[in-house]
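Below: the structure, in structure tokens.
The values are calculated or read from the model by the stated rules, or taken from the named source; none is laboratory data. Please read these numbers as outputs of a predicted model, since none were measured by experiment. Glycine also receives a Cβ, built like all others from the backbone with ideal geometry; neighbour counts cover every protein chain displayed. The protein model used for the area step is the full one, side chains on, heavy atoms only, and it has no ligands, DNA or RNA in it. Shrake-Rupley method; radii C 1.70, N 1.55, O 1.52, S 1.80 Å.
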Amino acid sequence: MTQTDSPLTGLHDVDWASLDRGPAVRQMLTDLAGGDAAARAAAWGGLYRSAPDGEDVRPWVAAALPTMLALVTDPGQPERGRLLRLIGDLAGADRTWQRAGETLRAKTVLAGSDRLAELLVDEDPLVRDAAAYTVRAVCRMTPGWIELLWGRYVEEPDPTVRVTILRSAVIAGATGGGYEPTKIWLAWVADGDADLKVRITALTELTALLNPPPFDVETARDTVLAAYRAGLNREPEPLDDLAAPLLAGRRMAARQWTPGYPQVVSAIRTSYRNDVAAQLELFGRMLEMDGWDARQDALCEARVMVQRLRGPYPPLVRRAAELLADPDPQVRAAALRLLHGIGELARPAADAVWSGLSRAGQRVWVTRGPRGPVLGAGVQMLAGLRDERLLPMLHRLLDEAPDTGDLHRSIAGYGFRARGLSRTLRRRLRGLPPGVDPAHRAGLLRALTAVAPNEAADHLAEEPIDLTTLGLLAQAGRAAGDRTADIEAALTTGDPAVELAAAHAVWRVAGDAEAAAAVYDRWFDDGRAAAEHQVAAIDGLKELGIRVRSRAHRLSRLLRGKADGTVVAAAADALWWVAGQRDAARTLGRVWESAPRARPRIARLWTATGDTRYGARYARAEIGNPVRHNASIHGMLPAQVTEDERLLALCREIVAQGS
């Protein structure tokens, strides 16, 4: 290369003195081109430190890019790949969203050069890799880059460069009309590339896009399992302090476009649909791996599976219990989240959870939630299982951390078994200062009423009549007899929810069946009433039993009309307990199929009436259905999983009796 062809020729055409830090930048570029190792190292650091200007870059960047590109195209220049990476950082390859200010000027300069496309086929793989990265700065400003990148991917022999090309192709193509073709191309790469890292990268990019196309599930499963074994799912390396100001954007882009393996595992699980055996096999293999990330991701996805699908889960629960002692804290936390989220299914792991709580001490009893302290997941799980070993711990928290969220609800769940806490609950109620949060007082009242209803009446004496108080008065029963007049006043408020709660309370507190029935009569067969109010009224009649046998004819009419399925099921249930009529239970097959939420009630009714031969057909179908009857796309609470498991137990009983 002659002196006239020197890459520094263009350096003299710029008025560096007019640019902020221009003379210093000129010297740094000169040092990059011909300085010794120490001078070049200082120049690298100086360029990185001089470039940022808040969210933008300084004006010298656009002026320096032609010279820097010329240096990269000089075969005699050392570290050309590193220099091209610097060009990409300066021009915003790590900030594809930034299209304004000096960054836009720099991108425009880079887009106007034809050297970048040439560098994609350079002999040096480091230069090709840097060129594939730098393309991100301009790929959305000029057309044709996506086709060029796809073609270059096919010809590229180096798998590391193919990974960079792949990620840049996603950034270039996953917009506008290129979105769907990009997804199809990624699926093709994920199924066919010879290199594991390229395949898993394609899978992560594919599953990050909306509605990915069908892909070979078995190939994807083998790919993600091999990637976990190879340890490819790792956090990015810490940023060099020297380059951090500009590379922070690249790190954000990397997280945006490479979401990691959990989404791949989730996509594979979703592709298996209702095949529990295939999903269990996938998670089982992941849980046996040495890598903590594989175990953690398997536990997180298994929780979603168990909440939605029925299956043989004891081995999974046992493995989760073992992982509560895993050396990695994230794996332990994931195992506990799984067990906490699956209700009664987690009972075999109760001893392991209790052992973990005992070892860890009080620091895990309570955790910090978004609204203050809450019970830890292990405590919540054991409380949900009504494990009595937990009661001394709850008693201590009631004294030392009474504001802990879910504490009062957990105590209330134990009912009479937590009667030993009643004295402390009463002391807490008496010591509440004026103006205390009503929700805190209501929680204490709910807990006391549940564990010692006779002792709660005094504390309910001054509570205003509302839905909460009416429910507590009903639970307190005859001990709350002094509030009878207040309850009777609520029987005619015009609000169906309040009236029905008052009717329940007046029966429980005063034993006034006539007053309660008068309210139920207004709502149970009123076609204009909401279904939940009709069901509440019918359940009230059911509780009154033979005293309201005269309503049997009106209840029977609900079976023949167009009432909601839950109303029909409730009416048939009430007819059995009010009038001893079994015929209604033998008409609930259509309701079973049309109203899945009513199935537990119907199954209990068939068991009670002995109509198991009639119900056996529906029970067998339910046992064979892998999807829980109350499954929701929004997830499920542990109590809902328990409800479905109890339905399955009832169905097995019906089948056994009806055979």
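Some notes on this structure:
- Scanning region 302-314 for residues that are assigned to a helix (DSSP H, G or I) and either more than 16 Å from Pro638 (Cα to Cα) or more than 17 Å from the chain's Cα centre (by Cα) (or both) yields a single hit, Pro314.
- On the stretch given as region 63-84, residues that are open to solvent by 50 Å² or more (accessible area, probe 1.4 Å) and more than 15 Å from Asp114 (Cα to Cα) total 5.
- For region 268-301, a residue qualifies if it is within 15 Å of the chain's Cα centre (by Cα) and open to solvent by less than 20 Å² (accessible area, probe 1.4 Å), and the qualifying residues are Asp297, Ala298, Leu299.
- Among the residues of region 196-222, the ones that are within 15 Å of Val265 (Cβ to Cβ), among the β-branched types (Val, Ile, Thr) and without any contact (Cβ under 8 Å) to a residue 40 or more places away in the chain come to 1 in all.
- Qualifying residue in region 360-381 (condition: surrounded by fewer than 16 Cβ atoms within 10 Å (Cβ to Cβ), in a helix (DSSP H, G or I) and modelled with pLDDT of 95 or more): no
- Residue count, region 340-359 (criterion: more than 27 Å from Arg310 (Cβ to Cβ) and either outside any helix (DSSP H, G or I) or open to solvent by 60 Å² or more (accessible area, probe 1.4 Å) (or both)): 2
- Flag if Ala537 is at pLDDT 95 or above and either touching a Leu at 6+ places or on another chain (Cβ under 9 Å) or under 27 Å from Gly494 (Cα atoms) (or both): yes
- With a requirement of 1 or more residues that are farther than 20 Å from Arg140 by Cβ, the helices (runs of 4 or more DSSP H) lying completely within region 72-126 that satisfy it span 80-90, 115-119.
- Tallying residues that are of a type in the set (A, V, I, L, M, F, W, C) and either more than 44 Å from the chain's Cα centre (by Cα) or assigned to a loop (DSSP other than H, G, I, E, B) (or both) within region 472-493 yields 3.
- When Cys139 is tested against (1) part of a loop (DSSP other than H, G, I, E, B); (2) open to solvent by 30 Å² or more (accessible area, probe 1.4 Å); (3) within 25 Å of Leu203 (Cβ to Cβ); (4) not hydroxyl-bearing (Ser, Thr, Tyr), only condition (2) is not met.
- Taking the criterion of being open to solvent by less than 20 Å² (accessible area, probe 1.4 Å) and within 17 Å of Asp495 (Cβ to Cβ), the residues of region 516-531 that qualify are Ala516, Val519, Tyr520, Phe524, Ala529.
- Screening Tyr153 against (1) under 20 Å from Glu118 (Cβ atoms); (2) out of contact with any helix residue (DSSP H, G or I) (no Cβ under 7 Å at 6 or more places or on another chain) leaves a single unmet condition, (2).
- Helices (runs of 4 or more DSSP H) within region 383-471 that include 2 or more residues loosely packed, with under 14 Cβ neighbours inside 10 Å and out of contact with any Phe, Trp or Tyr (no Cβ under 7 Å at 6 or more places or on another chain): 391-400, 422-430, 438-451
- Every residue from region 185-234 that is among the aromatic types (Phe, Trp, Tyr) and in a helix (DSSP H, G or I): Trp185, Trp188, Tyr228
- Pairs meeting the criteria (first residue in region 493-512 and modelled with pLDDT of 95 or more, second residue of a type in the set (Ser, Thr, Tyr) and open to solvent by less than 10 Å² (accessible area, probe 1.4 Å), beta carbons under 7 Å, at least 6 apart or on different chains) are Ala503/Tyr520.
- Any pair with Cβ under 8 angstrom, 6 or more apart, that starts in region 46-59 at a residue that is part of a strand (DSSP E or B) and ends at one that is of a type in the set (S, T, N, Q): Asp56/Gln98; Asp56/Thr103; Val57/Thr103
- Against the conditions (1) in contact with a Ser or Thr (Cβ under 8 Å, 6 or more places away or on another chain); (2) surrounded by fewer than 16 Cβ atoms within 10 Å (Cβ to Cβ); (3) assigned to a helix (DSSP H, G or I), Val170 satisfies every one except (2).
- Checking each residue in region 198-207 for being closer than 14 Å to Tyr153 by Cβ and not small (Gly, Ala, Ser) picks out Val198, Arg199, Thr201, Glu205.
- Scan of region 302-339 for residues that are surrounded by fewer than 20 Cβ atoms within 10 Å (Cβ to Cβ), among the small types (Gly, Ala, Ser), closer than 26 Å to Leu647 by Cβ and free of Cβ contacts under 8 Å to residues at least 40 places away in the same chain, ordered by number: none
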